[in-house]
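See structure below.
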């Protein structure tokens with residue numbers, strides 16, 4: 001029997017490829033709301049980020065979530081994500 005490889009995703013902050021379960025998923029819902037998806041199962045467009053505030057700061061500085069979701073992401077959303085990152089540790 002072959003063992004399956006773990007799915008890899010790229011962090012929008014540091015750009016490193018990591019196993020999906022090591023990363024947190026940020027999702028843009030149909031309503032345009034951007035939030036942290038703790039279950040990994042919410043419907044919508046997803047982007048992955050390390051559980052590290054440095055990666056979130058890099059993503060914000062380079063507007064990588066804006067590019068991933070095709071829309072402008074407000075600073076308040078980044079602040080909420082920063083709070084959620086600290087809670088998720």
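The values are calculated or read from the model by the stated rules, or taken from the named source; none is laboratory data. Only a predicted model underlies this, so the values are computations on that prediction, with no experimental measurement involved. Cβ coordinates were reconstructed from backbone atoms using ideal geometry, including for glycine residues, and neighbour counts include every protein chain displayed.
Can you tell me how many residues in segment 1-29 are outside any strand (DSSP E or B) and under 15 Å from residue 73 (Cα atoms)?
3
What are the pairs with Cβ atoms under 6 angstrom where one residue, in segment 50-71, is at negative phi and free of Cβ contacts under 8 Å to residues at least 40 places away in the same chain and the other, located anywhere, is surrounded by fewer than 13 Cβ atoms within 10 Å (Cβ to Cβ) and assigned to a helix (DSSP H, G or I)? Sequence gap at least six, or different chains.
Listed by first residue and then by second, the contacts come to 51/88.
Scan segment 27-48 residue by residue and report those that are in contact with a helix residue (DSSP H, G or I) (Cβ under 8 Å, 6 or more places away or on another chain) and modelled with pLDDT of 95 or more.
28, 45, 47, 48
Going through segment 55-78 one residue at a time, which ones are surrounded by fewer than 12 Cβ atoms within 10 Å (Cβ to Cβ), modelled with pLDDT under 95 and not in a loop (DSSP other than H, G, I, E, B)?
75, 76
Quick one: what pairs do we get from segment 1-22, first residue on the phi < 0 side of the Ramachandran plot and exposed (fewer than 10 other Cβ atoms within 10 Å of the Cβ), second at pLDDT below 95 and assigned to a helix (DSSP H, G or I), C-beta under 7 Å, 6+ apart or different chains?
Between residues of segment 1-22 that are on the phi < 0 side of the Ramachandran plot and exposed (fewer than 10 other Cβ atoms within 10 Å of the Cβ) and residues that are at pLDDT below 95 and assigned to a helix (DSSP H, G or I), the close pairs are 7/20.
Quick check, is residue 43 surrounded by 13 or more Cβ atoms within 10 Å (Cβ to Cβ) and either more than 10 Å from the chain's Cα centre (by Cα) or without any contact (Cβ under 8 Å) to a residue 40 or more places away in the chain (or both)?
Judged against the criteria, residue 43 is not a match.
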